[in-house]
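A short worksheet on the structure shown next.
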Amino acid sequence: MLSVYKKELRTYFYSPLAYVLSGIFVLVFGIYFLTQTMSKAGQGIAQIVFGGQLFFASFWLVMLIPILTMRVFAEERKNGTEVLLMTSPISVPQIVIGKFLAAFTVFLTMTALTAIFPIIISISGDLVISNTLSSYLGFVLLGASFVAFGLFTSSITESQIIAAVLGTVTLFFILLIDQLKTLVSGIFLKIINQLSLYEHYKQFVQSVISLKDIVFFVSLTGMFLVLVMIVIEKRRWSQG
Amino acid sequence: MIEIQNLTKKYGQIVAVDNLNFTVERGEILGFLGPNGAGKSTTMNMITGYLPSTEGTVKVSGYDIAQEPNEVKKRIGYLPENPPLYTDLTVDEYLSFVSELKKVERSKREQQISDIMELLKITDVRKRLIRNLSKGYKQRVGFAQALIGNPEVLILDEPTVGLDPNQILEVRNVIKDLRKEHTIVFSTHIMQEVSAVCERIVIINKGKIVAVDTPENLSKAITKNSRFTIKIAGVKASVIGALKAIDGVKNVEVSDKVEEDVYEYIVDSDKQVDVRKPIFFAMAKLGFPILETKEEELGLEEIFRELTTKNIVVSTESDNSKQDASGEAPEEDDQAEEKEVE
């Protein structure tokens, strides 16, 4: 597992991809941060809730994470390197978890870069530390489930482009579920609230850390990783 | 060392590999021969545990691939048809990754990698990205990968594809040297390669074994005729007449004129009858000296063509007796061929 993890991480940082994605992420985050703080500073608001900004940033993950993960399995299949992994004394779960951890590490690096913004706030104003930490926790958990989902779309196709587009579009639709809330009520509203990633994520942003939400994201991540393992095993049985 | 029993692979209705049985002894080099799409790669993928079999078992050192895959995988080095290379790594990085994957002890890794690079003559490109290497180098890096961890069994799927003639010879010699410590199965559709390297060959066609034997025995088993090239000094017409009159001689052709009244004749005769003595006496009677007599071995090329284009099943080995020799027409497996390329 460690061998796969190390190799994957190396591949990420050898290619420009990880840098470009981190760059775009921090840039967009920075612009949003700037407009928010400037406008609020003009209104004389002393305290800025950083969680809200992080919440906004999560929408970018819908696009960035599938690009980060698109090559992970699709490329192995296309180049035939999958054969090497499958004929080595290493199990499918070990391969999948190794690859997940590597992609997750890159995501964490990207996230860590944004720490510069709360630092700026704390230097020139008041930072609500508890809210910032809880928002980050939610952000990381949300990201983990996105990464797992991205690995899943990468595992079902040989084409990186399809993997990325499929990932982004699906995550975008999941995001849209939230919008349905205005249309429904009663039991349906309850169901949507339970399923909605953002409903769970919002709890963290509102400084509410509950086990329920943590379990939700962890099991979602686990579920997608198990799906990846199933897809890989299944294909071995059916392909030539 | 490797025992294969009733190995079958089906894709839906298509039978890609049909009931294979053969064994490979320790230290043996087995040539695995067949036209493209015969099921060579599929079989190798099953031996190495990449593909599960539909039926049948593969055992390596007594471990069943389906029961204890990791025990088998530890003992096998595999070079698939397309070398599994991570093109964005350097040769060094790639081989150390493979060492980690194969769980080579940390202390031995570096030494082993440099030994293998030396053996395959890729040391000079060790710092280069695999992406930028020529086909020949890539193929050898793929070969190097299979050797890492010093596995008892090597499965090589067309190891010499893409190499130039010198490199082919080098790689063949490497394979021969490796025999001392490894059991080797390698596939090819190049005949000379088999006769140059292998002690035993398995020929498969359309997923079935058509022959298992040494190259020499195969060549004997398949030929119903003996063929001699004979150089005789004498009048052409009477030589031909006399030769044709001999019992057992089926055909006589003039192949070459050496000099005035000296010709080279090709004589095909029944294998059961030794026609050499009658020819000698017949020519002695005519007073035509025989300058040279040579028995032609039917080349592997011809055997291969013979076996894979007709539905002949030669079972010269007892463990192959389960193969049916009825010669029924095999199913169309064009689709299997396409699948196998993937």
**OP:** Calculate how steeply helix B:106-119 sits against the longest principal axis of the alpha-carbon atoms of chain B, using the helix alpha-carbon long axis, and give the answer as 0 to 90 degrees to the nearest 10.
**Re:** 30 degrees
**OP:** Fewest Cβ neighbours within 10 Å first, please rank A:Y136, B:Y78 accordingly.
**Re:** A:Y136, B:Y78
Original post:
Mind checking the angle between helix A:50-69 and chain A's longest principal axis? C-alpha axes, 0 to 90 degrees, to the nearest 10.
Top reply: 20 degrees
Original post:
In debye to the nearest 20, how big a dipole does the protein assembly as shown give about its Cα centre with +1 on each Lys and Arg Cβ and -1 on each Asp and Glu Cβ?
Top reply: 1960 debye
Subject >> Partner lysines for B:K244 [C-alpha distance under 26 Å; skip if fewer than 8 residues away on the same chain] >> reply: B:K220, B:K224, B:K231, B:K236, B:K257, B:K271, B:K277, B:K285, B:K294
Original post:
Quick one: helix B:236-245 against the long Cα principal axis of chain B, what's the angle to the nearest 10°, folded into 0 to 90?
Top reply: 80 degrees
**OP:** Give me B:S269, B:S96 ranked fewest to most by other Cβ atoms within 10 Å of their Cβ, as a rough exposure proxy.
**Re:** B:S96, B:S269
Subject >> Fewest-first sequence of B:D64, B:D177 by Cβ atoms within 10 Å of each Cβ >> reply: B:D177, B:D64
Subject >> Loop GluC sites (Glu not before Pro), segment B:63-138 (other Cβ atoms within 10 Å of the site Cβ: 16 or fewer; DSSP) >> reply: B:E105
**OP:** Mind jotting down the distance between the C-alpha centroids of segment B:253-274 and segment A:175-240, whole Å?
**Re:** 84 Å
Original post:
Among B:S99, B:V161, B:V235, which residue has its Cα positioned farthest towards the positive end of the charge dipole of chain B, with +1 placed on the Cβ of Lys and Arg, -1 on the Cβ of Asp and Glu, and the dipole taken about the Cα centre?
Top reply: B:S99
Original post:
Along the charge dipole of the protein assembly as shown, Cβ charges K/R +1 and D/E -1, which of A:L2, B:I122, B:F32 sits furthest on the positive end?
Top reply: A:L2
Original post:
Can you count the Lys pairs in segment A:1-149 with C-alpha separation below 20 Å, eight or more apart or on different chains?
Top reply: 4
Original post:
Which one of A:S219, A:S91, A:L21 has its Cα pushed farthest toward the positive end of the charge dipole of segment A:2-238, where Lys and Arg give +1 and Asp and Glu give -1 at the Cβ?
Top reply: A:S91
Original post:
Relative contact order (percent) for chain A, with alpha-carbon contacts under 8 angstrom and 6 or more residues of separation?
Top reply: 29 percent
**OP:** Please tell me the relative contact order of chain B in percent, rounded to the nearest whole number, where contacts are Cα pairs under 8 Å and at least six residues apart.
**Re:** 21 percent
Subject >> Percent of beta bridges antiparallel (DSSP, chain B, rounded to nearest 5) >> reply: 70 percent
**OP:** Let me have the 222 nm mean residue ellipticity of chain A computed from DSSP H runs of 4+ only, each contributing -39500 (n - 2.57), with the sum over all residues rounded to the nearest 500.
**Re:** -27500 deg cm²/dmol
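Only the coordinates and a few stated rules stand behind these numbers; no lab work does. Remember, predicted model here, so these are calculated numbers, not experimental data. Please note: Cβ atoms are built from the backbone with ideal geometry, for glycine as well, and neighbour counts cover all protein chains shown.
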